[in-house]
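The values are calculated or read from the model by the stated rules, or taken from the named source; none is laboratory data. Computed from a predicted structure; not experimentally measured. Heads up, the Cβs are rebuilt from the backbone with ideal geometry, glycines too, and the neighbour counts pull from every protein chain shown.
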Amino acid sequence: MAAATRASLIFFGLGCLGLGCLYSYKFRIKLRSLYNLPEEPYSDCFVHYCCLVCAICQEHRELKNRGLDPSLGIYNYSINNLRTHIWFLDKVL
């Protein structure tokens, strides 16, 4: 099973139980550490628990502002475009 499929199934399963934030907040932590973003005013897990859709949209917008297009998926980028981001994208999967 592909990593993206496995991740989707885990997220869906946790989401059915109302616990999708326990899976998705880890991406926010990695994004903050990559770009040195502050964890303010609330913790990452709390933000994802209160409004998961808003948190994901905010992360998508942050990546787009940094020159990445998350809607293309990570496999559509060349290594040259991701030289500074490649370790981060590897960890997401």
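If only one of Asp44, Asp90 is at pLDDT 80 or above, under 13 Å from the mean Cα position of the chain (by Cα) and of a type in the set (Asp, Glu), which one is it? Every option except Asp44 fails the conditions. Restricting attention to region 1-24 and to residues that are surrounded by 13 or more Cβ atoms within 10 Å (Cβ to Cβ) and among the aromatic types (Phe, Trp, Tyr), the residue that is farthest from Glu59 (Cα to Cα) turns out to be Phe11. Checked against the criteria, Val53 counts as assigned to a helix (DSSP H, G or I) and either modelled with pLDDT under 80 or loosely packed, with under 11 Cβ neighbours inside 10 Å (or both). Ile79 passes every criterion in (1) at pLDDT 85 or above; (2) in a loop (DSSP other than H, G, I, E, B) apart from (1).
For the subset of region 25-37 comprising residues that are of a type outside the set (D, E, K, R), under 18 Å from Leu68 (Cβ atoms) and in contact (Cβ under 8 Å) with a residue 12 or more places away in the chain, which member is surrounded by the fewest Cβ atoms within 10 Å (Cβ to Cβ)? Lay out the reasoning, then the answer.
Pass one, region 25-37, residues of a type outside the set (D, E, K, R): 25, 27, 29, 31, 33-37.
Then keep just the ones that are under 18 Å from Leu68 (Cβ atoms); that gives 27, 29, 31, 33-37.
From what's left, in contact (Cβ under 8 Å) with a residue 12 or more places away in the chain: 27, 29, 31, 34-35, 37.
Numbers: Phe27: 18, Ile29: 13, Leu31: 18, Leu34: 17, Tyr35: 13, Leu37: 11.
Restricting to residues being of a type outside the set (D, E, K, R), under 18 Å from Leu68 (Cβ atoms) and in contact (Cβ under 8 Å) with a residue 12 or more places away in the chain, the top hit is Leu37.
So which residues in region 1-24 are of a type in the set (A, V, I, L, M) and over 20 Å from Ser71 (Cβ atoms)?
Going through region 1-24, the residues of a type in the set (A, V, I, L, M) turn out to be 1-4, 7, 9-10, 14, 17, 19, 22.
Answer for region 1-24, where residues must be of a type in the set (A, V, I, L, M) and over 20 Å from Ser71 (Cβ atoms): Met1, Leu9, Ile10, Leu14, Leu17, Leu19, Leu22.
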